[in-house]
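One structure below.
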Amino acid sequence: MADEQNNYIDQATSIAIQDAVDNIRNVTDICNTASGVAMAKLLEGGDKVTCLTTIAESNQLIANAISNYEKIVALSIECRKKNTETASETTRKRRFFLF
(Lines give C-alpha, C1' and ligand atoms only; values in the text may rest on other atoms or scores of the structure.)
Protein backbone atom coordinates (compact mmCIF):
# COMPACT_ATOMS: atom_id res chain seq x y z
CA MET A 1 0.00 0.00 0.00
CA ALA A 2 2.84 2.42 0.79
CA ASP A 3 4.37 1.88 -2.65
CA GLU A 4 1.04 2.66 -4.27
CA GLN A 5 0.72 5.85 -2.24
CA ASN A 6 4.26 6.83 -3.20
CA ASN A 7 3.38 6.34 -6.84
CA TYR A 8 0.31 8.56 -6.52
CA ILE A 9 2.31 11.29 -4.81
CA ASP A 10 5.08 11.06 -7.42
CA GLN A 11 2.50 11.29 -10.16
CA ALA A 12 0.70 14.25 -8.59
CA THR A 13 3.91 16.21 -8.04
CA SER A 14 5.11 15.43 -11.57
CA ILE A 15 1.83 16.67 -13.03
CA ALA A 16 2.01 19.85 -10.94
CA ILE A 17 5.53 20.55 -12.18
CA GLN A 18 4.55 19.84 -15.79
CA ASP A 19 1.56 22.18 -15.45
CA ALA A 20 3.88 24.90 -14.17
CA VAL A 21 6.18 24.36 -17.16
CA ASP A 22 3.19 24.58 -19.50
CA ASN A 23 2.14 27.79 -17.76
CA ILE A 24 5.58 29.32 -18.34
CA ARG A 25 5.44 28.37 -22.01
CA ASN A 26 1.92 29.73 -22.50
CA VAL A 27 2.56 32.97 -20.60
CA THR A 28 5.82 33.47 -22.49
CA ASP A 29 4.10 32.99 -25.85
CA ILE A 30 1.34 35.46 -25.00
CA CYS A 31 3.72 38.02 -23.51
CA ASN A 32 6.15 37.81 -26.40
CA THR A 33 3.28 38.40 -28.81
CA ALA A 34 2.02 41.36 -26.77
CA SER A 35 5.53 42.80 -26.55
CA GLY A 36 6.02 42.36 -30.29
CA VAL A 37 2.78 44.17 -31.06
CA ALA A 38 3.69 46.94 -28.61
CA MET A 39 7.13 47.27 -30.20
CA ALA A 40 5.60 47.46 -33.68
CA LYS A 41 3.17 50.16 -32.52
CA LEU A 42 6.04 52.05 -30.90
CA LEU A 43 8.04 51.96 -34.13
CA GLU A 44 4.98 53.21 -36.04
CA GLY A 45 4.87 56.23 -33.76
CA GLY A 46 2.32 55.01 -31.25
CA ASP A 47 1.98 56.17 -27.65
CA LYS A 48 5.38 55.58 -26.08
CA VAL A 49 4.10 55.27 -22.49
CA THR A 50 1.43 52.70 -23.38
CA CYS A 51 3.81 50.60 -25.45
CA LEU A 52 6.58 50.61 -22.86
CA THR A 53 4.07 49.84 -20.09
CA THR A 54 2.81 46.85 -22.09
CA ILE A 55 6.34 45.54 -22.55
CA ALA A 56 7.17 46.01 -18.84
CA GLU A 57 3.97 44.26 -17.74
CA SER A 58 4.68 41.40 -20.13
CA ASN A 59 8.13 40.95 -18.61
CA GLN A 60 6.59 40.98 -15.12
CA LEU A 61 4.09 38.29 -16.09
CA ILE A 62 6.91 36.07 -17.29
CA ALA A 63 8.82 36.67 -14.05
CA ASN A 64 5.69 35.74 -12.06
CA ALA A 65 5.28 32.50 -14.04
CA ILE A 66 8.90 31.58 -13.32
CA SER A 67 8.44 32.40 -9.63
CA ASN A 68 5.35 30.18 -9.49
CA TYR A 69 7.31 27.36 -11.11
CA GLU A 70 10.08 27.68 -8.52
CA LYS A 71 7.53 27.56 -5.69
CA ILE A 72 5.79 24.52 -7.13
CA VAL A 73 9.07 22.65 -7.55
CA ALA A 74 10.12 23.49 -3.99
CA LEU A 75 6.77 22.38 -2.58
CA SER A 76 6.87 19.19 -4.64
CA ILE A 77 10.32 18.35 -3.32
CA GLU A 78 9.19 19.06 0.24
CA CYS A 79 6.08 16.91 -0.21
CA ARG A 80 8.13 14.04 -1.61
CA LYS A 81 10.63 14.22 1.26
CA LYS A 82 7.87 14.18 3.87
CA ASN A 83 6.21 11.26 2.12
CA THR A 84 9.49 9.35 2.03
CA GLU A 85 10.01 9.95 5.76
CA THR A 86 6.47 8.80 6.54
CA ALA A 87 6.87 5.73 4.36
CA SER A 88 10.16 4.88 6.08
CA GLU A 89 8.54 5.15 9.52
CA THR A 90 5.65 2.96 8.43
CA THR A 91 8.05 0.37 7.01
CA ARG A 92 10.09 0.36 10.22
CA LYS A 93 6.96 -0.13 12.30
CA ARG A 94 5.86 -3.02 10.12
CA ARG A 95 9.26 -4.64 10.35
CA PHE A 96 9.19 -4.31 14.11
CA PHE A 97 5.85 -6.09 14.31
CA LEU A 98 6.91 -8.80 11.88
CA PHE A 99 9.80 -9.88 14.09
TODO: Show Cys79, Cys51 ordered by accessible area, largest first, where the area counts protein heavy atoms only and the probe is 1.4 Å.
DONE: Cys79, Cys51
Open item on the list: With θ taken as phi - 60° and the coefficients 6.51, -1.76 and 1.60, list the Karplus ³J(HN,Hα) couplings across region 36-41 in order, rounded to whole Hz; mark glycine and proline as x.
Closed with: x, 5, 4, 5, 4, 5
TODO: Give the ranking of Thr13, Thr86 by solvent-accessible surface, highest area first, calculated with a 1.4 Å probe.
DONE: Thr86, Thr13
Task: Highest to lowest packing among 63-72, 41-50, scored as the average C-beta count within 10 Å - done: 63-72, 41-50
Open item on the list: Quick check: Cα centre of region 1-24 to Cα centre of region 67-87, how many Å?
Closed with: 10 Å
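The values are calculated or read from the model by the stated rules, or taken from the named source; none is laboratory data. On a predicted model such as this, the values are computed, not experimentally measured, just so you know. Note that each Cβ is placed from the backbone with ideal geometry, even for glycine, and that neighbours are counted across all protein chains shown. Quick note on the areas: whole protein, heavy atoms, side chains included, nothing else; ligands and nucleic acids left out. Shrake-Rupley method; radii C 1.70, N 1.55, O 1.52, S 1.80 Å.
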